[in-house]
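First the structure, in the form of structure tokens, and then the observations on it.
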Amino acid sequence: MFDNALLNLTNWVGNVIMPTLSGLFFAAAIYKFSKGHTYSHLSWAGFAALMCSGLLRALEGFAQQATPDDPDRYWISILTLVNWTCNVILPLYGVLQVVMLVLHSAGVLERMTIGDAWVRNLVAAMMCFALSGILRLAEFWIQTPGVR
């Protein structure tokens, strides 16, 4: 009974209250911006409130892949988190770094940054794609034990 009430409270706070608060934070940030005041702390609070809801949904998805009495539940959740991060997030971040590389080398962002940022973008993109590829290769070796 208590577990069910705690679960319902968590779902309500994470899926109803936090997105609502994020809208209020963003509205307050826009108001502060229009008056010429500092607004960054309110906009970051809005993003943090949205992240609470998103992280709750992600954790629910990771935890529901195994039954509650499965001893490997935490391992499966961590493995899924690593797979999602390295197979989805890192390639997207690598593409973003390639876009930034093109923009920096074209001189679009020349007045906004100091130094040669395109080298940093190139190295970050290469590291993202390399780590994602290494993880995919390791997954392939684990799933096909006859190939060595």
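What nm value, rounded to one decimal, do you get for the distance between Val102 and Leu6 when each label is placed 7 Å out toward the C-beta?
Going from the Val102 label point to the Leu6 one covers 5.0 nm.
Spin-label point model (7 Å from Cα, Cβ direction): what's the Lys32 to Gln143 distance in nm?
Between Lys32 and Gln143, the label points sit 4.6 nm apart.
Add -39500 (n - 2.57) for each DSSP H run of 4 or more in the chain, then divide by its residues: what number comes out at 222 nm, to the nearest 500 deg cm²/dmol?
After summing the helix terms and dividing by residue count, I get -24500 deg cm²/dmol.
Spin-label point model (7 Å from Cα, Cβ direction): what's the Ile78 to Val119 distance in nm?
Result: 3.8 nm between the two label points.
For region 1-96, which trypsin sites (Lys or Arg not before Pro) are both in a DSSP coil and crowded by at most 14 other Cβ atoms within 10 Å? Write out the running numbers ahead of the final one.
On the way: sites: Lys32, Lys35, Arg57, Arg73; in loops: Lys35.
Hits after loop and neighbour filter: Lys35.
Read the figures in this text as sums done on the coordinates, not as results from a lab. What you see is a predicted model, and the numbers here were worked out from it, not measured in a lab. Using ideal geometry, Cβ is built from the backbone for each residue, glycine included, and neighbour counts are taken over all protein chains shown.
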